[in-house]
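Structure first, commentary second.
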Amino acid sequence: MSNATLVSTVVNGDAVQFACPSDESLMTALRDRVGLTGVKEGCGTGDCGACSVTLDGQLVCSCLVLGVEAEGRNVETVEGLAQDGQLHPLQEQFIEHAALQCGICTPGFLVAAKALLERNPNPNETEIRYALAGNLCRCTGYDKIVRAVQAAAKDMRKAKRR
Amino acid sequence: MRYEKPATAKEAAGLLAKEKGAAFLLGGGTDLLVKLKMGMVEPDLVVDVKHIAKANEIQTTAKGFSIGAAVPSARLTEHKALQKAWPGVVEAANLIGSDQIQGRCTLAGNLCNASPAADSVPAMIAAGAKAVIVGAKKRRTVPVEKVATGPGQTCLGSDELIESITLPKPGPRTGDAYLRFIPRTEMDIAVVGVAVCVTLERGRVKTARVALGAVAPTAILVPAAARALVGTSLDDEALEKLARACSAACNPIDDKRGTVEYRTRLAGVLAKRAAKIAFARAGGKS
Ligand SMILES: Cc1cc2nc3c(=O)[nH]c(=O)nc-3n(C[C@H](O)[C@H](O)[C@H](O)COP(=O)(O)OP(=O)(O)OC[C@H]3O[C@@H](n4cnc5c(N)ncnc54)[C@H](O)[C@@H]3O)c2cc1C
């Protein structure tokens with residue numbers, strides 16, 4: 001690897017270091033160097049959202065971020081959703097609603113939906129559809145995904161009240 | 001490819017001036033990294049503007065607003081004062097891509113990518129926005145309509161970058177609006193984009209600026225369209241004149257999104273709708 005840069009970052013709460021060439025995308029660095037293959041490569045050009053992660057809490061396509069840009073930042077991937085072996089309410093409801101078939105788009109949808117619910121704990125259907133417009137699914141037809149997000153939002157609001 | 005993250009615009013300009021190979025500025029990367037992936041660009045140097053402190057700020061001054069070149073669209077939407085002053089500019093910036101893109105894309109990048117269909121550009125032009133350009137030796141301020149010189153081309157020298165975009169303080173009874181037409185509801189490239197800004201006096205349009213996108217090699221300011229509105233309270237005749245002036249200013253391409261004829265006609269239709277919204281936002285009653 002010529003001209004590799006050492007990048008120190010935090011991924012899902014853990015300090016991580018990786019070395020990558022400066023033209024490598026964060027998506028490739030996360031998959032091939034950090035081993036987080038929940039970050040999926042769909043289009044590689046920002047259209048499909050399969051590689052969605054958050055960078056300092058901001059939802060982004062990791063294919064449109066350079067690996068070197070992660071220096072000193074906080075990255076969250078789908079691998080960070082489950083806590084202590086407990087699935088996130090979004091993951092539970094995606095299973096419950098069968099909101100997936102082949103599963104390639106699912107990590108991106110989960111990360112994007114989590115970002116939405118952090119900003120807006122009670123989104124209506126239109127808000128969900130707009131917020132997930134950057135995530136493409138070619139199997140389920142979106143309806144089950146929207147319902148799963150609504151159900152998870154409800155679960156999360158309930159859990160908060162408790 | 002080398003990656004640099006200078007702390008000032010001056011330092012960035014110095015890096016650009018020294019570079020002998022292909023150098024590119026990196027804002028949100030939502031255009032540049034797509035081109036990198038496609039092999040359309042082969043940079044020797046990429047200069048990230050996101051570590052320039054000034055480029056990350058939205059400043060409210062006596063003269064208006066200064067929006068740093070690294071500020072992503074998502075932050076414009078959250079800025080209440082900006083949203084109130086220039087709703088058309090904010091709604092245009094908000095149309096760029098998905099939430100994922102919104103977290104990264106910048107006004108400066110939208111402008112410097114110089115796509116004829118860039119959504120925020122007509123809105124910035126109608127609002128009278130200016131680009132503050134920093135070079136290795138000097139600074140200059142250029143009206144946004146003068147920045148793009150053709151598809152993918154700008155007036156920036158090889159050592160220059162945009163540090164910020166300024167928007168004036170809107171006068172009383174001023175309103176702006178941006179509308180674009182796309183075949184889908186999200187995530188598509190404008191077939192036509194129209195921005196209108198009006199300032200009223202005693203219920204009538206005192207001054208106006210009308211800008212079109214996606215109908216010429218660059219976004220264009222259309223003075224004849226603005227003249228059609230001045231002195232009127234947006235009666236049907238004024239709106240028809242506006243539509244004719246917009247259609248007459250079109251010099252579009254034919255592509256899968258729209259034919260020349262369609263784009264030309266649509267520019268007039270959208271202009272009427274955008275003018276009504278801008279007029280209402282300025283407090284006008286028709
Ligand atoms: C999925 C997707 C959807 C999109 N949808 C839309 C849309 O609906 N409407 C639309 O208009 N665009 C759209 N775009 C294009 C793109 O997101 C916008 O043009 C965006 O505003 C570019 O900003 P950026 O900061 O990401 O630019 P970058 O990619 O960082 O830069 C773009 C160009 O400008 C140059 N540049 C960047 N910053 C500066 C600076 N400070 N000074 C000088 N030059 C600079 C770069 O060198 C590069 O040539 C979309 C892109 C994607 C991937």
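The values are calculated or read from the model by the stated rules, or taken from the named source; none is laboratory data. Source: prediction; values computed, not measured. Note: ideal-geometry Cβ built from the backbone for every residue, glycine included; neighbour counts use all protein chains shown. When the accessible area is computed, the model is the full protein with side chains, heavy atoms only, and any ligands, DNA or RNA have been set aside. Shrake-Rupley method; radii C 1.70, N 1.55, O 1.52, S 1.80 Å.
Name the single residue that is nearest to the chain's Cα centre (by Cα) among those in the range B:24-62 being charged (D, E, K, R) and within 13 Å of chain A (Cβ to nearest Cβ). Working first, answer last.
Initial filter on the range B:24-62 (charged (D, E, K, R)): B:31, B:35, B:37, B:42, B:44, B:48, B:50, B:54, B:57.
When the remaining residues are screened for being within 13 Å of chain A (Cβ to nearest Cβ), the result is B:31, B:35, B:37, B:42, B:44, B:48, B:50.
On the way: B:ASP31: 15, B:LYS35: 21, B:LYS37: 25, B:GLU42: 26, B:ASP44: 28, B:ASP48: 21, B:LYS50: 19 Å.
Out of the qualifying residues, it is B:ASP31.
If I ask for residues that are open to solvent by 10 Å² or more (accessible area, probe 1.4 Å) and within 18 Å of B:ALA214 (Cβ to Cβ), which ones from the range B:102-117 would you list?
Within the range B:102-117, B:GLY109, B:ASN110, B:CYS112, B:ASN113, B:SER115, B:PRO116, B:ALA117 meet the criteria.
How many of the residues in the range A:1-20 are open to solvent by 60 Å² or more (accessible area, probe 1.4 Å) and at pLDDT below 95?
Total meeting the criteria: 3.
Considering only the range B:56-73, I want to know if a residue exists there that is in a helix (DSSP H, G or I) and either over 30 Å from B:CYS197 (Cβ atoms) or among the hydrophobic types (A, V, I, L, M, F, W, C) (or both). Before the answer, list the steps.
Here is the first cut: in the range B:56-73, the residues in a helix (DSSP H, G or I) are B:56, B:73.
Checking the rest, the ones that are also either over 30 Å from B:CYS197 (Cβ atoms) or among the hydrophobic types (A, V, I, L, M, F, W, C) (or both) come to none.
For the range B:56-73, residues in a helix (DSSP H, G or I) and either over 30 Å from B:CYS197 (Cβ atoms) or among the hydrophobic types (A, V, I, L, M, F, W, C) (or both): absent.
Suppose we keep only residues that are modelled with pLDDT under 95 and open to solvent by 40 Å² or more (accessible area, probe 1.4 Å) within the range A:131-141. Which one would you say is farthest from B:GLU186 (Cα to Cα)?
Selected residue: A:CYS139.
Select from the range B:156-167 the residues that are under 20 Å from B:GLY68 (Cβ atoms) and not β-branched (Val, Ile, Thr) and list them in ascending order.
Narrowing the range B:156-167 to residues under 20 Å from B:GLY68 (Cβ atoms): B:156, B:159-167.
Scanning the range B:156-167 gives B:LEU156, B:ASP159, B:GLU160, B:LEU161, B:GLU163, B:SER164, B:LEU167.
Among the residues of the range B:164-183, is there at least one that is part of a strand (DSSP E or B), in contact with an Asp or Glu (Cβ under 7 Å, 6 or more places away or on another chain) and among the aromatic types (Phe, Trp, Tyr)?
So the first thing to find is which residues in the range B:164-183 are part of a strand (DSSP E or B), and the list is B:164-168, B:174-181.
Filter once more, keeping what is in contact with an Asp or Glu (Cβ under 7 Å, 6 or more places away or on another chain): B:178, B:180.
Filter again for among the aromatic types (Phe, Trp, Tyr), leaving B:178.
Scanning the range B:164-183, I find at least one residue that is part of a strand (DSSP E or B), in contact with an Asp or Glu (Cβ under 7 Å, 6 or more places away or on another chain) and among the aromatic types (Phe, Trp, Tyr), so the answer is yes.
Name the residue that is least open to solvent (accessible area, probe 1.4 Å), counting only residues in the range B:139-158 that are under 10 Å from B:ASN113 (Cα atoms) and within 11 Å of the ligand (Cβ to nearest atom).
Quick first cut of the range B:139-158, residues under 10 Å from B:ASN113 (Cα atoms) only: B:148, B:151-154.
Retained after the next criterion (residues that are within 11 Å of the ligand (Cβ to nearest atom)): B:148, B:152-154.
Values: B:ALA148: 23, B:GLY152: 49, B:GLN153: 108, B:THR154: 42 Å².
Among those residues, the one meeting the criterion is B:ALA148.
State yes or no: is B:LYS206 more than 16 Å from the ligand (Cβ to nearest atom), part of a helix (DSSP H, G or I), basic (Lys, Arg) and farther than 24 Å from B:ALA148 by Cα? Quick ask: steps written out before the conclusion?
On the way: more than 16 Å from the ligand (Cβ to nearest atom): yes; part of a helix (DSSP H, G or I): no; basic (Lys, Arg): yes; farther than 24 Å from B:ALA148 by Cα: yes.
For B:LYS206, the condition - more than 16 Å from the ligand (Cβ to nearest atom), part of a helix (DSSP H, G or I), basic (Lys, Arg) and farther than 24 Å from B:ALA148 by Cα - is not met.
Quick one: would you say B:PRO72 is under 23 Å from the mean Cα position of the chain (by Cα) and either modelled with pLDDT of 95 or more or within 14 Å of chain A (Cβ to nearest Cβ) (or both)?
Numbers: under 23 Å from the mean Cα position of the chain (by Cα): yes; either modelled with pLDDT of 95 or more or within 14 Å of chain A (Cβ to nearest Cβ) (or both): yes.
Yes, satisfied.
Of the conditions (1) more than 14 Å from chain A (Cβ to nearest Cβ); (2) hydrophobic (A, V, I, L, M, F, W, C); (3) assigned to a helix (DSSP H, G or I), B:ILE101 clears all except one; give me its number.
(1)
Restricting attention to the range A:66-88, and to residues there that are at pLDDT 95 or above and open to solvent by 60 Å² or more (accessible area, probe 1.4 Å), which single residue is nearest to the other protein chains (Cβ to nearest Cβ)? Step through it out loud before you land on a result.
First pass over the range A:66-88, keeping only residues at pLDDT 95 or above: A:66-82, A:86-88.
If we keep only those that are open to solvent by 60 Å² or more (accessible area, probe 1.4 Å) too, we end up with A:71-74, A:76, A:79, A:86-87.
Working: A:GLU71: 8, A:GLY72: 10, A:ARG73: 11, A:ASN74: 14, A:GLU76: 13, A:GLU79: 18, A:GLN86: 26, A:LEU87: 23 Å.
Looking at the filtered set, the residue picked out is A:GLU71.
With respect to A:ARG147, is the statement that it is in a helix (DSSP H, G or I), open to solvent by less than 70 Å² (accessible area, probe 1.4 Å) and not assigned by TED's automatic domain parsing to the domain that holds A:LEU26 true?
On the way: in a helix (DSSP H, G or I): yes; open to solvent by less than 70 Å² (accessible area, probe 1.4 Å): no; not assigned by TED's automatic domain parsing to the domain that holds A:LEU26: yes.
No; evaluated as a whole, the condition is false for this residue.
In the range A:26-64, what count of residues is obtained for those that are open to solvent by 10 Å² or more (accessible area, probe 1.4 Å) and on the phi > 0 side of the Ramachandran plot?
Qualifying residue count for the region: 3.
Could you please give the count of residues in the range B:189-219 that are of a type in the set (Val, Ile, Thr) and open to solvent by 40 Å² or more (accessible area, probe 1.4 Å)?
Narrowing the range B:189-219 to residues of a type in the set (Val, Ile, Thr): B:189, B:191-192, B:194, B:196, B:198-199, B:205, B:207, B:210, B:215, B:218.
Next, only the ones that are open to solvent by 40 Å² or more (accessible area, probe 1.4 Å) stay: B:189, B:207.
Matching residues across the range B:189-219 total 2.
Run B:GLY21 past the list (1) open to solvent by less than 20 Å² (accessible area, probe 1.4 Å); (2) within 14 Å of another protein chain (Cβ to nearest Cβ) and report the number of the one that doesn't hold.
(1)
Every residue, every condition in (1) away from the ligand (no atom under 16 Å from the Cβ); (2) in a loop (DSSP other than H, G, I, E, B); (3) acidic (Asp, Glu); (4) within 14 Å of chain A (Cβ to nearest Cβ), yes or no:
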| site | (1), (2), (3), (4) |
| --- | --- |
| B:THR185 | no, yes, no, yes |
| B:ASP188 | no, yes, yes, yes |
| B:VAL196 | yes, no, no, no |
| B:VAL210 | yes, no, no, no |
| B:ALA243 | yes, no, no, no |
| B:CYS246 | yes, no, no, no |
| B:LEU270 | no, no, no, no |
| B:ARG273 | yes, no, no, no |
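Do we find that B:PRO116 is away from every other protein chain (no Cβ under 12 Å), touching a residue at least 40 places away in the same chain (Cβ under 8 Å) and within 23 Å of B:VAL142 (Cβ to Cβ) in this structure?
On the way: away from every other protein chain (no Cβ under 12 Å): yes; touching a residue at least 40 places away in the same chain (Cβ under 8 Å): yes; within 23 Å of B:VAL142 (Cβ to Cβ): yes.
Against the criterion (away from every other protein chain (no Cβ under 12 Å), touching a residue at least 40 places away in the same chain (Cβ under 8 Å) and within 23 Å of B:VAL142 (Cβ to Cβ)), B:PRO116 qualifies.
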